[in-house]
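Here is the structure we will look at, set down as structure tokens.
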Amino acid sequence: MLRIMTFNLRFANPADGPNEWRHRKELVVDIILNRSPALLSTQEGTVPQLEYLAERLPGYLPLIEHREVDRTCQYPTIYYRAGSFQVKYSGEFWLSHTPGVHRSSSWGSAFPRMATFGLFQVDGREFYFVDTHLDHISAEARLQGARMIREHFFPLNKPIILAGDFNEPPEGPVYRELMGASSPLQDTWRALHPAGEEAPTQHQFDGRPRGARIDWILVSPPFRPRGAEIITDHRDKRYPSDHFPYLAEVDY
């Protein structure tokens, strides 16, 4: 069994006042350690936030050896449990017309967006773990970003775990692009819940769900969903982010 978490951290924004990063960073760490995922995908992390997690998540390593670190960026970033996997290869590309150009963006994207990934090996099996954060403004940028991910990874003919913040509800264009008839991917939430049983993953730091389920973990065979949890933990009514972390368990 493999436990996977996706967690939009909410960037360190002083305008968040009592919900600014410094007031909730310890709770973020506690939730990760309490759930103990083998693989963790994060979004919106600034470099200081990502460094804080790397220092305070014993037993985890950030997958950043390939990265051109820019302290002005918010990065989707993978952490993995050291000793559980062999990393064969890692990389990332910008979701734009020029994927190799640092901080490039296209299609009216409000921010530069990225996919980061590792080729992992466990029990003699190789698979790609991909982490992304699609744009929150431009529907075209979301669709084209999803298409880039599909066109990059599907032809490689290896198992895939794709996690992140897709900024669209299921059944939207991004979901159809990634989950169409020829797709190997399965939605870990939908595999275990009826189509009408959705659960929003956003709130306004108050724990009251709003919007849609926009944080997903999608898997291809041999991964088989066995558990799915939207984590609503808080401490004294303070929440770790304006997104609920999402945890999936898969057999393989």
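Among all the lysines, which ones have a C-alpha under 24 Å from LYS158's C-alpha, if same-chain residues fewer than 8 places away are not counted?
LYS88
Could you work out how far the C-alpha centroid of the stretch 44-73 sits from that of the stretch 212-245, in angstrom?
21
Please give the residues of the stretch 16-53, grouped as numeric ranges, whose backbone N is less than 19 Å from a label point set 7 Å along the Cα-to-Cβ vector of HIS136.
Output list for this probe position: 16-25, 28, 41-50.
Using the Karplus curve 6.51 cos²θ - 1.76 cosθ + 1.60 with θ = phi - 60°, what ³J(HN,Hα) values do you get for each residue of the stretch 10-24, in whole Hz, with x for Gly and Pro?
For the stretch 10-24, the Karplus-derived couplings read 6, 4, 6, 10, x, 5, 6, x, x, 9, 5, 3, 5, 8, 10 Hz, x marking Gly and Pro.
Most exposed first by the Cβ proxy, i.e. fewest other Cβ within 10 Å, how do ILE4, ILE160, ILE231, ILE137 rank? Write out the running numbers ahead of the final one.
Working: ILE4 21, ILE160 24, ILE231 18, ILE137 12.
Ordered by Cβ neighbours within 10 Å, fewest first: ILE137, ILE231, ILE4, ILE160.
Using the crude model of +1 on Lys and Arg Cβ and -1 on Asp and Glu Cβ, and no other charge, please compute the dipole size for the stretch 2-251 relative to its Cα centre, in debye to 20.
Details: 28 positive and 32 negative charges, 37 e Å.
It comes to approximately 180 debye.
Let me understand the stretch 2-251 better: what is its radius of gyration from the alpha carbons, and its Dmax, in angstrom?
My reading of the Cα-based Rg and Dmax gives 16.7, 47 Å.
Short version: ³J(HN,Hα) in whole Hz for each residue of the stretch 28-40, in order, from phi by Karplus 6.51 cos²θ - 1.76 cosθ + 1.60 (θ = phi - 60°), x for Gly and Pro, what are they?
Result, ordered by residue: 4, 4, 4, 5, 4, 5, 5, 8, 6, x, 6, 10, 10 Hz.
What is the gain in length, in nm to one decimal, between VAL69 and GLU20 on full extension, counting 0.36 nm per residue of separation less the C-alpha to C-alpha distance? Please list the in-between numbers first.
Numbers: separation 49, 0.36 × 49 = 17.64 nm, distance 2.30 nm.
Additional length available on full extension: 15.3 nm.
If eta is 1.002 mPa s and T is 20 °C, what Stokes-Einstein diffusion coefficient results for the stretch 128-252, Kirkwood Rh from Cα pairs, in µm²/s?
Rounded to a whole number, D works out at 142 µm²/s.
Across the stretch 157-167, in residue order, what do the Karplus-derived ³J(HN,Hα) couplings come to in whole Hz, using 6.51 cos²θ - 1.76 cosθ + 1.60 with θ = phi - 60° and x for Gly and Pro?
Result, rounded to whole Hz: 6, 10, x, 10, 10, 10, 10, x, 9, 9, 6.
Need the list of lysines near LYS237 for cross-linking: C-alpha distance under 28 angstrom, and skip anything on the same chain fewer than eight residues off.
Output for LYS237: LYS25.
Amide H to amide H, which residues 5 or more places from SER90 or on other chains are under 5 Å from it, using H placed in the peptide plane?
Amide H to amide H, under 5 Å and 5 or more residues apart or across chains, SER90 pairs with LEU119.
With the contact rule set at Cα under 8 Å and sequence spacing of 6 or more, what percent relative contact order holds for the chain?
On the way: 564 pairs, mean separation 51.2, N = 252.
RCO, the chain: 20 percent.
Just rank LYS25, LYS237, LYS88, LYS158, fewest to most, by other beta-carbon atoms within 10 angstrom. Don't skip to the answer; put the middle values down first.
Details: LYS25 18, LYS237 8, LYS88 11, LYS158 14.
Neighbour counts put them in this order, fewest first: LYS237, LYS88, LYS158, LYS25.
Any read-out appearing in this document is the output of simple, stated calculations on the displayed coordinates, not a laboratory observation. Fair warning: this is a prediction, and the values are worked out from it, not measured in the lab. Cβ: placed from backbone, ideal geometry, glycine included. Neighbour counts: every protein chain shown.
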